[in-house]
Every structure is written in C-alpha cells, then in structure tokens.
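Reading through the structure tokens given below for one structure.
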Amino acid sequence: MSEATQIPDRRRKLLVCVDDTPECRLALRFACSRAHHTGSGVTLLRVMEPGDFQHWMAVEERRRDEASAEAEELLQGLAAEVNRWANLMPELVVREGRWRDEILALIDEDPYIRVLVLAASPNSDDPGPLVSELVGHMGTTMHIPVVVVPGTLTAEQIDEIT
C-alpha cells in the first residue's frame, strides 16, 4: 500500500460524527468510499458531552480527562480504518459540548466540510438521536447535505453504492 496522503487545507471534506456504536462504522465506511472516489478528505468528530459534576470540580476534571483519553483512543483507531479503506489520514476533531451544537458549529467554522455523513440505527423504530435531531428538526437549517446510511446495510452494499 502506498503512503497515505494528507488532507490539503482546501479539499472538500466529509464529516463523520463518531462514537462506539456499530452504525458509526457504517457511516465511516460510506465516507471513506466516497472520499476515495471523489478525492475528498474525511473529518472525524468526537463530541464529549459535559457532565453534571460542576459542584465537584475534582470529579468533573477526572471525568473530562478520562473522556478525552477515550476520545483520542477511539479517533486513533478509526483513523487507522480510514487509512486502510481510503488511503488517507483523516482530520481528527474532539470537542466538548452538546452533539448538535458542536456539529453545527464545526460546519459553520469549516467551509470545506461539504457533506455530513450519519448512520441510522438498524432499529426500525428509532434511527438514533443524531439522525432524528439533525435530519428531522435541523434539516431546514443545515446548509450542507446530510447523508444517512441505513443501519441495515453491509460493508459490501455500501461499497457497491458508493
């Protein structure tokens, strides 16, 4: 395999919100395949939700440190998958706040993010909180396309459609 290419500052990017759910890997697979076929980059966003321990500063600080270490470990593992699937190194972003707020802020701050890629839960009753909120309630205020990968697709099916 040839050496991975770095994302140029002015390349179109696909944004993937990452967590440790199985559907996250589907969104990542879709984004990698699209990036590979279109010459785009991939940005991985991990948002650390704030805790409710503000009155116990030591507990909150420890929780924040642990969450930061877990986020970094998750992103590094997923970056290796992006490298393997698309032969590129993704941009890694960690933020603290509410998912919706941080996603919208990053999209507003980075004009090269052109597509948000999410994956729905395979549960037909509930596609997941991010999909429900960002596509349902925020769909009219988003200024980039949102791709929702069905959670029932296999990696092979994703490769076929991208």
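Rule-based calculations on the coordinates, nothing more; no lab input. Worth saying up front: this structure is predicted, and the values here are computed from it rather than measured. Cβ atoms come from the backbone with ideal geometry, glycine included; neighbour counts cover every protein chain shown.
The shape of the range 65-130 can be summarised by an equivalent ellipsoid whose semi-axes, obtained from the alpha carbon gyration tensor, come to 20, 17, 16 Å from longest to shortest. The simple spin-label model puts a point 7 Å past each Cα toward its Cβ; for HIS143 and GLU70 those points are separated by 3.4 nm.
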